[in-house]
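One structure below.
The values are calculated or read from the model by the stated rules, or taken from the named source; none is laboratory data. Owing to the predicted nature of the structure, the values given are computational and were not obtained by experimental measurement. Cβ placement follows ideal geometry from the backbone for every residue including glycine, while neighbour counts extend to all protein chains displayed. These area figures cover heavy atoms from the full protein model, side chains too; ligands, DNA and RNA do not enter into them. Shrake-Rupley method; radii C 1.70, N 1.55, O 1.52, S 1.80 Å.
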Amino acid sequence: MPVLVNGSPSREFEVSRGLRQRDPLSPFLYVLVVEGLTGLARKSIDVGDFGRFSINGSCWVDILQFADDTLIVGEGSWKHVWAIKAVLWALELVSGLGINHHKSKLI
């Protein structure tokens, strides 16, 4: 689609959608997506697929978030690993975003 630049037509460019870094909407959309992740993780806990991590039996930790980093903390079992994989896969499906598995770690 060509546009006029200083009165002269420019070469054609393809119109697309999406956000770029430093777009003012990015933080708000990130918060919406992270709320979805939190909801999916909590639902996994409610149905018994994922178990939270207990600290001295008085405090439970399941998901910690700071800026654009997310820690999902749980008991160490393969059942819980598969549950978190399912949660992340569901998040990718619903949001259209992809998880960067090269930057992700399982400890």
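Spin-label model, residue 30 to residue 5: label points 7 Å out along the Cα-to-beta-carbon direction sit 3.1 nm apart.
Ordering of 93-106, 43-56 by packing is 43-56, 93-106, highest average first (other Cβ atoms within 10 Å, averaged per residue). A quarter of the convex hull surface defined by the alpha-carbon atoms of region 49-107 gives 4.8 nm² as the mean projection.
Just to confirm the number: angle between the C-alpha axis of helix 78-95 and the first principal axis of the chain, 0 to 90 degrees, nearest 10? Rounded to the nearest ten degrees, it is 20. What's the long-distance tail for the chain, i.e. % of Cα pairs beyond 15 Å? Percent of Cα pairs beyond 15 Å in the chain: 72. Helix 26-46 and the longest principal axis of the Cα set of the chain meet at an angle near 30°. Estimated purely from DSSP H runs of n ≥ 4, each contributing -39500 (n - 2.57), the mean residue ellipticity at 222 nm for the chain is -12500 deg cm²/dmol once divided by its residues. Averaged over residues, the count of other Cβ atoms within 10 Å places the peptides 5-14, 83-92 in the sequence 83-92, 5-14, highest first. Heavy-atom accessible area, probed at 1.4 angstrom with all protein chains present, ranks 23, 68, 62 as 68, 23, 62, highest first. Rolling a 1.4 Å probe over the protein heavy atoms leaves residue 70 with an accessible area of roughly 50 Å².
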